[in-house]
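Working notes, structure below.
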Amino acid sequence: MCSIWQDNDQKIFDFTRFRKIVKELGQAGCCYITLSGGEPLLIKNISDYVKEVKKNKIFVNLVTNGLLVKSGLVEQLSEAGLDTISISIDGLEITNDIIRGNGMFKNAVSAIEKIKTCAPQIKIVVNTVISPWNIDEIIQMCDFLTKKGVCFKFQPIYNHPEIKGQTDGQREWEANEEFVAKCKRVVSRLITRKDVINSKYFLRAIPGCFSNKLFGKIFDGTCYTGYYYCEFKENEYIFPCIEGMGWDSGIDMENNELLTFMKSKRYVGVVKKLSDCRRCKEILTICYAEPKFLLPFHNYLYTKLIY
């Protein structure tokens, strides 16, 4: 499970610096940006951040737990041009609230209803982590929430790199044969649903990640993630791949121009080193694996044959 919310050193990404970086990303041809946290809706002028992304003609997604979604804020985000909003729900009410906290299921559903009423053009994506605790109710959850006009994105559970000073450790879980069998049945049904936006290749790989059977050149060959993906923290540390680097190994931009920095020996050296990383053999993260099925093009051709 993601542990970034436990980072006690989180601060707000300086808006002036954010605007400059987004402009440079746009110039570089960036096509997709996700605003996440922590909880991005804690930023009072979050709609200004969205607006800056759209000024540069980049698709923008925002990830939230739904707790702070208010009608007025939704209207502001809509006017700013927000394309999609991702709300985390990990099961039906009892299961979700055990995982995410009391009342969080109702809060998330209420947020969905507010968005549909105030900004129907914003696409709503429900993010769900597939785990032993919710595997028996995934389909039932989808059937209930699809009536709200949402679509779904699934991520198999894995142990996220821990934050320095983290107090809440990783919850123990086991992927036994029974769970893997259930996972195969659930995935076979998810693939047929039009409201699931994961690629069928990613979905078909999920059972394999639980049984240590992620196979093929996509996971054994050179990793190109660092050439088309990066994450930024508010302290101006940049991560071509957090999974391969860990939270304590970000690269300090030191107020350099982004595009100049990304061409530097230091940054290029990290990306080249990550090309031999095999962390994705152990986990299946949607952020890194979904693009991996498509980029570079020979991966796409291989995917069509294997999956």
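Every number in this text was worked out from the coordinates using simple rules, so none of it is lab data. No experiment lies behind these values; they were computed from the predicted model shown. Cβ sites come from the backbone with ideal geometry, for glycine too, and all protein chains shown count toward neighbours.
So here's what we get for this one:
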| read-out | value |
| --- | --- |
| Mean projected area (nm²) of the alpha-carbon convex hull when segment 185-261 is viewed from all directions | 7.6 nm² |
| Gain on full stretching of the segment that runs from Arg193 to Thr146 - 0.36 nm per residue minus C-alpha separation | 15.9 nm |
| Cα centroid separation - segment 48-114 against segment 193-270, whole Å | 24 Å |
| Value of relative contact order over segment 24-84, rounded to a whole percent, pairs C-alpha under 8 Å and six or more apart | 41 percent |
| Burial order of peptide ranges 52-63, 16-27 (average beta-carbon count within 10 Å, highest first) | 52-63, 16-27 |
| Relative contact order of the chain, pairs being alpha-carbon contacts under 8 Å that are 6 or more residues apart, as % | 16 percent |
| Relative contact order, percent, segment 90-249 [alpha-carbon distance under 8 Å, six or more residues apart] | 19 percent |
| Protection proxy ranking, peptides 35-45, 82-92, 233-243, 250-260, average beta carbon neighbours within 10 Å, highest first | 82-92, 233-243, 35-45, 250-260 |
| Convex hull volume per residue for segment 1-173, taking Cα atoms only, in Å³ | 124 Å³ |
| Backbone HN-Hα couplings from phi across segment 225-237 [Karplus 6.51/-1.76/1.60, Hz, Gly and Pro as x] | 3, x, 8, 9, 9, 7, 10, 10, 9, 5, 8, 6, 8 |
| Quotient of C-alpha Rg and 2.2 N^0.38 Å, computed over the chain | 0.99 |
| Over segment 16-56: Rg over Rh, Cα atoms, Kirkwood Rh | 0.97 |
